[in-house]
Structures are given as C-alpha cells and as structure tokens.
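Visitor: I'd like to ask you about the structure that follows.
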Amino acid sequence: MGYLEMIERFESKSEQEKRDQSLMLEQMGLIGELILTRESETAHMTSSGVVLNPTMDKMLMIHHKIYDTWAWTGGHADGEDAPLETAIREAQEETGVEKIQPLSTEAASIEVLPVFGHQKNGRYVPTHLHFNVSFVLIAQETQSLILNEKETNGVQWVPVEKIGEYSNEPMLVEIYQKIIHYAQSF
C-alpha cells in the first residue's frame, strides 16, 4: 500500500491526527509525486518505526547526529511509494538489526513534523515538513546492534519509561508514548 492510500485509509484517533491527515492529503494533491522525493523543498514523505522488543518494555533508539538527541528510526521515501518497507529499511540501516517484523501493516500514527534548516553533507537544507507515517516494529534484543556512523552517534535499547530522559524533543516523546500505548493495547 502506498502513502496516499495509507493516509486516506488512516482512522484518526485524535485532533492532531485528523488535522495532520487533512493537511497531508491537501498538500499531496498540490505537490503530486514529487512529495515522494526530496525535490519538493516544502514537504516530503517519511516513515518512522517505533522499534519495540516483544514484551514492549524497551524501545530501540538511535542518537541522531543532526538533532543531537535520542530518537526513533526513520527516513525519507526517496522515490519509493512503500511506507512500511521504508520504515523497516531505515530501522535496519540505522541500527544493524536485521530481523524486524511489523506489529501491523497499518500505520500506528501519522504526523506532520517540522524540520528546521540545517547543514547536511556540506549543503544547506531549508526548513520544511516531513509528512510522516509511523509503524510499530518488533525486534529481539539479542540481535547485534551496529552503529551507522554516517547518521548516528549511538544505538541502544531504552526502557520505555525512560524515553523522556533520553530524548530532548518533548513533542516526539509524546508521539513515542502514544505509539507505545497503541502497541501495548493492540
């Protein structure tokens, strides 16, 4: 299932999701297929994964170089219209964990995330929006973790009750907690 269909079918559970869903669909209609690439400087599609262990009491987090904080895994669609596959691919690339299964093939959450201007690979990237589709992914803690030195400064399992102590982004911590609660009640 592609981004457009997944976002159209998503059943909003909050005012935030309802409003973000509306904005995403409106802008996807205006921007067209460029939204799947970084050629659209206004907004582009991303997928994230809240990677949990099977008991759902730990989250696999990366220390993001650009944002200098512990965060979920995820990244850009980069032309692929496959949100779940993007989330899994990014989780594998950013953590080294090979065996990752989705809790569900449906999105756990959608959100519009602001990204402030920054330098990447020696080039300025202007402020823009990530139209993000989030999934719950499950992995065993016993798998080897590999640091992706290009993008991260660390990778580790964090007890879910301590996520707020690791992340310095309160808005994202709220999203993580919402997704974890969804997973635990699934």
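Visitor: Show me the ranking of peptides 31-39, 85-93 by mean Cβ neighbours inside 10 Å, starting with the highest.
Guide: By packing density, highest mean first, the sequence is 85-93, 31-39.
Visitor: Between [x] 33, 20, 13; [y] 27, 19, 13; [z] 24, 20, 15, which matches semi-axes √(5λ) of the Cα gyration tensor in Å calculated for the structure shown?
Guide: [z]
Visitor: Now a separate question. Could you give me the ³J(HN,Hα) list for segment 56-73, computed from phi with Karplus coefficients 6.51, -1.76, 1.60 and θ = phi - 60°, whole Hz, x at Gly and Pro?
Guide: For segment 56-73, the Karplus curve yields 6, 10, 9, 10, 7, 10, 10, 9, 6, 5, 5, 8, 6, 7, 7, 8, 6, 8 Hz.
Visitor: Taking the Cα centre of the chain as origin, sum charge times position over the Cβ atoms of Lys and Arg (+1) and Asp and Glu (-1), and report the length of that vector in debye to the nearest 20.
Guide: 300 debye
Visitor: Another question, if that's okay. One-quarter of the Cα convex hull surface for segment 62-155, in nm²?
Guide: Mean shadow area of the hull around the Cα atoms is 6.3 nm².
Visitor: I've got another one for you. Of the chymotrypsin sites (Phe, Trp or Tyr not before Pro) in segment 96-144, which ones lie in a loop per DSSP and count no more than 11 other C-beta atoms within 10 Å?
Guide: PHE116
Visitor: Which GluC sites (Glu not before Pro) does segment 128-186 hold that lie in a coil by DSSP with at most 11 other beta carbons within 10 Å?
Guide: Here the sparse-neighbourhood loop sites are GLU149.
Visitor: Another one. Based solely on its DSSP helices, what 222 nm [θ] is calculated for the chain when runs of n ≥ 4 H residues each add -39,500 (n - 2.57) and the sum is averaged over all residues, nearest 500 deg cm²/dmol?
Guide: The per-residue figure over the chain is -9000 deg cm²/dmol.
Visitor: Mind checking which of SER144, SER47, SER104 has the largest fluctuation in a GNM of the chain, springs on alpha carbons under 10 Å?
Guide: Top of the fluctuation ranking is SER144.
A short reminder: the numbers here are calculations on the coordinates, not readings from a lab. Note that the structure is predicted; figures quoted are calculated from it, not measured. Neighbour counts are summed over all protein chains in view; Cβ atoms, including those assigned to glycine, are modelled from backbone coordinates with ideal geometry.
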